[in-house]
Amino acid sequence: MPPKNEMQGSEPRRKRDSVNRNAGCYTAAMYARKLRVEVIVNGERKACPLEWLDAFCMRNFTGSAEFDDTLPVAEGQIEASLRVDPSHFARAFEEWLTKRGKGNGQLVRVEIQLEPSRS
């Protein structure tokens, strides 16, 4: 009979392996467009922090249903449905970031560009 700790580890491993086999359905593209999001504060341009994107997109602070169709995937990257107007997203995100002091008292500018297709 195997030691007790090996027996305890076998069941979670089977569950984990089962989950990993099914994980492929989540790695494919979620939305139609890939967008690059950059913030500019005091003339310094950088990829938008994932934390900021996540807070804005997932909590839907704007009350606009169109932003429900966004998925932050990495620093400076979101996926979005065709319902999302990038210029409207940028304006609303700028306002939201500036109101929350992310620019240290300065206006935060947001630029969004369509990522080239990878297919």
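The figures follow:
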item: Filter result (within 16 Å of residue 33 (Cβ to Cβ) and either surrounded by fewer than 12 Cβ atoms within 10 Å (Cβ to Cβ) or at pLDDT 95 or above (or both)) within region 87-106; result: 87, 90
item: Hey, residue 49 modelled with pLDDT of 90 or more, in contact with a helix residue (DSSP H, G or I) (Cβ under 6 Å, 6 or more places away or on another chain) and not hydroxyl-bearing (Ser, Thr, Tyr) or not; result: no
item: Scan of region 88-119 for residues that are of a type in the set (Val, Ile, Thr) and farther than 16 Å from residue 66 by Cβ, ordered by number; result: 98, 108
item: Condition broken by residue 109, with the remaining ones in (1) at pLDDT 95 or above; (2) basic (Lys, Arg); (3) within 18 Å of residue 58 (Cβ to Cβ) satisfied; result: (3)
item: Of all residues in region 63-86 being in contact with a strand residue (DSSP E or B) (Cβ under 9 Å, 6 or more places away or on another chain) and small (Gly, Ala, Ser), the one that is modelled with the highest pLDDT; result: 76
item: Filter result (among the small types (Gly, Ala, Ser), under 18 Å from the mean Cα position of the chain (by Cα) and assigned to a loop (DSSP other than H, G, I, E, B)) within region 73-114; result: 76, 81
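The values are calculated or read from the model by the stated rules, or taken from the named source; none is laboratory data. Every value quoted in this text rests on a predicted model; they were computed, and no experiment measured them. A quick note on method: Cβ atoms are made from the backbone with ideal geometry, for glycine too, and the neighbour counts reach across all protein chains shown.
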